[in-house]
Amino acid sequence: MLAAGYTALQSEDAQKSIMSQLIFNLQPTRQILTVGELTARIRDLLVRNFTDTFVQGEISNCREAQSGHIYFTLKDDRAQVRCVFFKQQQRGIKFRPEDGLQVTVRGTISVYEQRGEYQIYVESIEPVGLGALQLAFDQLKKRLEAEGLFDARRKKPLPLLPSRIGLITSPRGAAVRDVVRILTRRFPNVHLTVFPVRVQGEGATQEIVKAVKFFNAMKSVDVLILARGGGSLEDLWAFNEEIVARAIADSEIPTISGIGHESDFTIADFVADVRASTPSAAAELVVQTRREFDKHIADLHG
């Protein structure tokens, strides 16, 4: 009887042990992550679900680092998110991100792991409302005006007796034909040097700057004319680039801008010593100085 009872007790204890082990095995295993592992998982989750994401908001705390990267906060009335716009992504952007601008950014959302902060890695950015080119025009105009590049006191007077004229324009446009026709008809002894450049599209900006610097280095002309026919803001954009404006401002030769139609204004017009409403009007201005001189001489002889 004792042996049987012992066996029964032993069997009962074994069953309890098995039940206890089963309960233990059913309890969830506790997984402990390091901070780095947790952040990496969050990063991977964001990157998988928020690629090529568009976000709209207002720029604040905008700053450009020495590296050329731009850091800013994008915010609305409910929340904010940090953004980084790497230098290599900024190619082709015309305007400058600055505080207060309403913009739409496109990019990937990820985590800056050292700080555990999520942020948008911006790939492109566009202003809301005002077009990017118009905004870029207004920003550059404001900045150069503040520097004094439009100041009338720094403008050089046109020469009274210009005999050597430099013309910077496209060799195939109507502008070159109009300028040449007016100058040669009314000023037959003029020495005209045409520096052919592209006046729109890729490379146009660099060619215009090269032409201005060439004439200044050679000192071969008395006055410069920059001419181009009319067009859209995009068509005229080469004359709205900062390097063109600074080349004109640095020119020791008096410069006339004859760009577009009468209603068109470019940054080059504001920096040039004299702005003409059209290429033809620019040629007329040069002729006018000579005509006034001739009239003055005739009056003296009379």
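The values are calculated or read from the model by the stated rules, or taken from the named source; none is laboratory data. Just so you know, these numbers come straight off a predicted model, no measurement behind them. Positions of Cβ are backbone-derived with ideal geometry, glycine not excepted, and every protein chain shown enters the neighbour counts. For the accessible areas, the whole protein counts, side chains as well, though only heavy atoms, and no ligand, DNA or RNA atoms are used. Shrake-Rupley method; radii C 1.70, N 1.55, O 1.52, S 1.80 Å.
Scanning the chain for long hydrophobic helices, with DSSP H runs required to stretch 30 angstrom or more by C-alpha along their axis and to average at least 0.0 on the Kyte-Doolittle scale, returns 2-26. Were the residues from GLN31 through PHE50 laid out at 0.36 nm apart, the gain over their Cα-Cα distance would be 4.2 nm. My understanding is that a pair violates if its Cα-Cα distance is over 23 Å; which of LYS87/LYS213; LYS94/LYS142; LYS141/LYS219 do that in this structure? Cα-Cα > 23 Å for LYS87/LYS213; LYS141/LYS219; rest within. Here's how it looks for HIS69: its modeled amide H is under 5 Å from those of LYS87, which are all 5 or more places away or on a different chain. Using just the C-alpha positions of the chain as equal point scatterers, what log10 of I(q)/I(0) does the Debye formula give at each q in 0.07, 0.12, 0.13 1/Å? Reported log10 I(q)/I(0), two decimals: -0.47, -0.87, -0.95. With both labels modelled 7 Å from their Cα along Cα-to-Cβ, the THR108 to ARG153 distance reads 5.3 nm. Rounded to 0.05, the FRET efficiency of the GLN288 and GLN134 pair, given R0 = 22 Å and the Cβ-Cβ distance, is 0.10.
Highest mean first, the peptides 75-86, 234-245, 120-131 sorted by other C-beta atoms within 10 Å per residue fall in the order 234-245, 120-131, 75-86. Computed from point charges on the beta carbon alone (+1 for Lys and Arg, -1 for Asp and Glu), the dipole magnitude for segment 35-128 about its Cα centre is near 200 Debye. Relative to the Cα centre, the charge distribution of the chain, modelled as +1 at Lys and Arg Cβ and -1 at Asp and Glu Cβ, gives a dipole magnitude of about 900 debye.
The separation of segment 132-154 from segment 58-99, counted between C-alpha centres, amounts to 22 Å. Computed from the alpha carbon positions, the gyration tensor of segment 35-128 leads to an equivalent ellipsoid with semi-axes of 22, 14, 13 Å, biggest first. Here the extension length gained between SER220 and ARG91 equals 42.8 nm, from 0.36 nm per residue of separation less the Cα-Cα distance. For segment 35-128, the solvent-accessible area with a 1.4 angstrom probe is 65 square angstrom per residue.
Rolling a 1.4 Å probe over the protein heavy atoms of the chain, with every protein chain left in place, gives an accessible area that is 53 percent carbon and sulfur.
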